[in-house]
1. Restricting to region 390-423, name every residue that is open to solvent by 60 Å² or more (accessible area, probe 1.4 Å) and small (Gly, Ala, Ser).
2. Go through Arg635, Arg640 for me and flag whichever is of a type in the set (D, E, K, R), under 43 Å from the mean Cα position of the chain (by Cα) and in a loop (DSSP other than H, G, I, E, B).
3. What is the one condition in (1) open to solvent by less than 60 Å² (accessible area, probe 1.4 Å); (2) more than 30 Å from Leu670 (Cα to Cα); (3) of a type in the set (Val, Ile, Thr) that Val543 does not satisfy?
4. Select from region 548-574 the residues that are within 26 Å of the chain's Cα centre (by Cα) and crowded, with 16+ Cβ neighbours inside 10 Å and list them in ascending order.
5. Which residue pairs have Cβ atoms under 9 Å apart, sit 6 or more places apart or on different chains, and have a first residue in region 646-657 that is assigned to a loop (DSSP other than H, G, I, E, B) and a second that is modelled with pLDDT under 90?
6. With the structure loaded, tell me whether Glu478 is among the acidic types (Asp, Glu) and closer than 26 Å to Arg373 by Cα or whether it fails that test.
7. Can you say whether Leu281 is open to solvent by 10 Å² or more (accessible area, probe 1.4 Å) and either closer than 13 Å to Gly123 by Cα or among the small types (Gly, Ala, Ser) (or both), as far as the supplied structure shows?
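The values are calculated or read from the model by the stated rules, or taken from the named source; none is laboratory data. Because the structure is predicted, anything quoted here is derived from the model rather than measured. Ideal geometry is used to build each Cβ from the backbone, glycine not excepted, and the neighbour counts take in all protein chains shown. Just the protein is used for accessible areas: all its heavy atoms, side chains included, with ligands, DNA and RNA removed. Shrake-Rupley method; radii C 1.70, N 1.55, O 1.52, S 1.80 Å.
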Amino acid sequence: MASLLAERLGLPSPGEARTGLGALRPRPYGVLGAAGPTAASAEQGMPLSKRFKRRDDAGGAGVPTSVSNAGGAFAADGVPRAEGAPTRPKDSPLAGRPSLGSRRLAARTAHWLWACVPAVAAGLAAAIPVINSTVKAVRAGWAPAGDDGIIATRGWDVLTSHTPLVGQYSEAGLVIHGQIMHSPGPMLYWLIALPARFGSVTSLAVTMCIANTLAIIGCVALARRRGGLVLMFASAIGIALMCQSLPTEGMHDIWNPAAGLFPFLLLIFLSWSVACGDHRLLPFTALVASFVTQTHLMYLAPTTVLLAVACGGLLVGWLARRGSGAGASPPSPSLPRVWPWALAALLVAAVCWTMPAIDQIENSPGNLAMIVRTAEHRGPALGSTIGWNALVRSIGVRPWWLYVPATEWDRKYDVRATPSSGASSSTIALLIALGAAGLIGALRRRWDLAAAALIGLGMSAAIALQAAANPAGRLLAETLGYTMWWGSELGFWVWLSLAWGLWLGVLGLSRLALRALSRRSGTRGRALPSLTRPLAITLASLVSLAGAVAVGSAVAATAKPDSHVYDYQPIRRIAAGIERLLPPGRVVGYGGGPLDTATQPIGPAIRFFLVRHGDRVLARGSLPRLGTYYERYDRPVQWRVYLTDGSRPQPSMVLAARVRFVSPWGKEVLSAWVERLTPPQPVRVKGVGASRGGVRTQ
């Protein structure tokens, strides 16, 4: 119905897809707005009533408005009339018609609904696995265990005098050259700063769910903008399928490698749209690219490829329009101004990278210099064989994105296994198909198809190089278990691009065949009834939406519990027990005895609960992960909190809480002890570790 309304009002159909650079050329509207100067010249000498009817049939643009205001002093759109200007008589043929202002408002509303509602509905259908995983985590009492506790604490610090300047701590610097290194920037901490302080602890997981859901909706909306409803629903179904290959916990986790997954997927669609000429997306693209890159270095190589394709495509498109406009007769309208949006993108990037720049200036060497030094001295690498295996697993038959892995860390084993000859052959065939699609798109001036293929080829090279250059040391080699997660998004993009290119080819050939058949038979095809096309589109859209919902629900049914779900309730019981005895606003010496694989992730979570409680928590070994503010040194403390496995009493300490639970490693007992020190004393306590059982080494 929105298409009919738009057609009646002479506006571009909301179903038209803005694909390619040619779609960015402005429509030539004349002074009267119907169809340019020819429409105005054709009305010379025409009776007024016929002139009104002609304009209504052409879309109604430029028709004098009705006299609905007192004395006719103002037009319906609020513009004052000149004194003595003629007004429409009450017996005019258009006296009972809606005013131009209301008709334009109705058209814009119809266009907005047509543009937003299907994309939002399809995006929510694709995000069903994300929403489902978050609901289950919240019901289980989600808590920031392990590295999540460190990230949540740094999120709390954003609105303090010791706001973080860099990202999450990484073991790579210490392993390679014995110096502390972090992820490039603190934008992940900015995202969770408010939920870390306000609301329940589970609001952190809900925030990531909202961010990931919005990213998916953005992908689906951009797919529609580029390829219409067909590409929109294909993207929604593909994203829902891709979610089965990602860790369920990663869909709501604040852990930095997982937090960047869906924003990176959005960055792929944003870069594609910018390469197709959507220069107004430049500032938002700069924002998302900065967030993804600062979250984890695993996204650096593919993000570089995406930005290169986006900027290159935008430049080529601008030069092509400039060349075609210079030789046009009559001259084409002025080209859109790109530089204000490019300047806005630079300003956004400058704001996003202010904190890392301050750290680089204040420290010698700064964190960015440490990242470069680590990359230069990484030592022996895994090699090209591992790189090729990673590429085959990403896009070859059967790709990562189309199956459910046994565990979230399987990919560190997948890249070491020799792929089958069929998988390798299919990978070569897909790469050749991508190159052919890009070449055909360039020759046919379908820059959208060419850009999509170029993005697929560039990211394929990026994942192969990233896996090949990964350090061969055992500890860092195991990081491939999560640094290859974005291989699912690469595979999804390659298959989606080729499927869409095939659809365009079949559609073009079918149109040529129908035209040839019509010319041979000497008959023209009969026009469909006015309501047939919109009803058919609506029915097909509803069926496609139902398919997306079914796929999303089926993928959600494969969801697995969080890796630390057994720690959630013990964390909450221990934190509640400590807070009952410990007044807020105290300086606390925090430490722990021997903690095993199951209980070690509880330590950083308890620290975060104490920080939310209003306490300053000092512990030895906090410097690399949390900075000097939380390092124990010899600072005096008022209270002492001690975590230890088992139930052995601690001298001069009071039992705050004791929990018994079952983990994958067996039965666990964890006790929390507190002691008030009067007067405050410097106490030496062993720091509580922050790693997740040695699995998550960044």
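1. Ala406, Ser420, Ser421, listed by residue number.
2. Arg635
3. (1)
4. Result: Ala548, Val549, Val551, Gly552, Val555, Ala556, Ala559, Lys560, Asp562, Ser563, His564, Val565.
5. Gly646/Gly593; Gly646/Pro594; Arg648/Gly593; Gln650/Gly593
6. For Glu478, the condition - among the acidic types (Asp, Glu) and closer than 26 Å to Arg373 by Cα - is met.
7. No: the conditions fail for Leu281.
Table: residues versus (1) among the aromatic types (Phe, Trp, Tyr); (2) open to solvent by 10 Å² or more (accessible area, probe 1.4 Å); (3) within 20 Å of the chain's Cα centre (by Cα); (4) under 30 Å from Pro247 (Cα atoms).
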position: Ala119; (1), (2), (3), (4): no, no, yes, yes
position: Trp142; (1), (2), (3), (4): yes, no, no, yes
position: Ala152; (1), (2), (3), (4): no, no, no, yes
position: Gly185; (1), (2), (3), (4): no, no, yes, yes
position: Ile192; (1), (2), (3), (4): no, no, yes, yes
